[in-house]
Amino acid sequence: MYSYKPKTVEKIVIRDFNFDFPDDTDPIWIPGQRVRSHMFNGLSLTMPYLEPFLVKTGRETAQHVDSEELLEDIRSFCGQESQHYKCHRRLNDVLRANGYPEFEASEAYMDRAWKNLSRASLEKRLAYSAGFETMTNGFTRWLIKKRKSLFQNADPHIASFWIVHMIEETEHKTVALDCYMAYSGRYLPRFLGVFHGSFHVVGHGLRAMMVALKKDGVLHKPSTWWELTREMASMIYNVGPFLLRALLPWHDARSEKDPAYMQMWVKGYEGMPAGQKIPLIDTQHPDMPVPFRGAATDEAFGARQAAE
Ligand SMILES: [Fe+2]
Ligand SMILES: [Fe+2]
């Protein structure tokens, strides 16, 4: 029998994702890192198909949920995911215009894939959603912990967008799993959903990445495959443990600790005057600190971050 447990954050805040992507944005937005740039571009392409699917699944689940707290979480979850995919769509349009019209076919393929998936049972869609959300929580840890090696000197608009997107993923990390537990709770479909939700999205992202690398004429180069191996190893090493822990029958996203950087960012945003643009993370700064005044020099934060 499902009963709501308090989540790790006080509130799931719906923020205006007002990131700008200038017209002349280079799709190779991480200097010297073609494969990594296209890996994230490929994942970005999936979002306007995946995230509306999550929102629809969440809204449908709400009809079966009694808990007022969970209903409130579902509303916030849907609000956040809607902001994400609209912003990804704006970024994807710029990427496509700046050298990759081939992405149109990739997107058509994704559109069909998620339309097909939306015909599955609600239990299966929820297990998939919970599995995917487990992975994004791992992505938060990966992107924050490795932000310097991943995004140093990268385009600050895209790097900040990805990091802030993942911060919100951690903020709402409990919602999809709570929905699954409230609706079904059966172990086996949830177990399978961990693989389905993460591999399906990453698979589509990597397929689009290959389209871009083919366009760039670098698919035959050993250096491309070496880079790709390195990126995959880093992703598996950093995100894999989150998936493994999610396979445990007693798994609850609440037991995954929220990174200090994420908590600091959430606190910093709270103090921001309404209507302002979300500040960009300085990718040229050696520490790429949380972009709110005081945060970079906060000693307690520095110590907590070092301990992570
Ligand atoms: Fe999202
Ligand atoms: Fe999410």
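Quick rundown of the values:
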item	result
Residue in region 1-29 that is farthest from W250 (Cα to Cα), counting only those that are open to solvent by 80 Å² or more (accessible area, probe 1.4 Å) and among the aliphatic types (A, V, I, L, M)	I14
Qualifying residue in region 196-207 (condition: open to solvent by 80 Å² or more (accessible area, probe 1.4 Å), touching a residue at least 40 places away in the same chain (Cβ under 8 Å) and in a helix (DSSP H, G or I))	yes
Residue that is nearest to the chain's Cα centre (by Cα), among those in region 160-177 that are within 17 Å of R245 (Cβ to Cβ) and not hydrophobic (A, V, I, L, M, F, W, C)	E169
Residues within region 50-65 that are without any contact (Cβ under 8 Å) to a residue 60 or more places away in the chain and open to solvent by 100 Å² or more (accessible area, probe 1.4 Å), tallied	2
Count - residues of region 71-86 that are surrounded by 23 or more Cβ atoms within 10 Å (Cβ to Cβ) and more than 11 Å from ligand 2 (Cβ to nearest atom)	2
Test: residue in region 90-110 that is within 16 Å of ligand 2 (Cβ to nearest atom), modelled with pLDDT of 95 or more, in contact with a Phe, Trp or Tyr (Cβ under 8 Å, 6 or more places away or on another chain) and not in a loop (DSSP other than H, G, I, E, B)	no
Candidates Y261, Y269, filtered to the one that is farther than 28 Å from G42 by Cα, in contact (Cβ under 8 Å) with a residue 40 or more places away in the chain and either open to solvent by less than 20 Å² (accessible area, probe 1.4 Å) or not acidic (D, E) (or both)	Y269
Qualifying residue in region 281-291 (condition: in contact (Cβ under 8 Å) with a residue 12 or more places away in the chain, open to solvent by less than 30 Å² (accessible area, probe 1.4 Å) and farther than 23 Å from P31 by Cβ)	no
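Results for (1) in a loop (DSSP other than H, G, I, E, B); (2) hydroxyl-bearing (S, T, Y); (3) modelled with pLDDT of 95 or more, shown as yes or no for each residue.
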{"position": "M209", "(1), (2), (3)": "no, no, yes"}
{"position": "K214", "(1), (2), (3)": "no, no, yes"}
{"position": "G240", "(1), (2), (3)": "no, no, yes"}
{"position": "L248", "(1), (2), (3)": "yes, no, yes"}
{"position": "K257", "(1), (2), (3)": "yes, no, no"}
{"position": "K267", "(1), (2), (3)": "no, no, no"}
{"position": "G275", "(1), (2), (3)": "yes, no, no"}
{"position": "T283", "(1), (2), (3)": "yes, yes, yes"}
{"position": "A303", "(1), (2), (3)": "no, no, no"}
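The values are calculated or read from the model by the stated rules, or taken from the named source; none is laboratory data. Bear in mind the structure is a predicted one, so any value in this text is a computation, not a measurement. Note: ideal-geometry Cβ built from the backbone for every residue, glycine included; neighbour counts use all protein chains shown. For the accessible areas, the whole protein counts, side chains as well, though only heavy atoms, and no ligand, DNA or RNA atoms are used. Shrake-Rupley method; radii C 1.70, N 1.55, O 1.52, S 1.80 Å.
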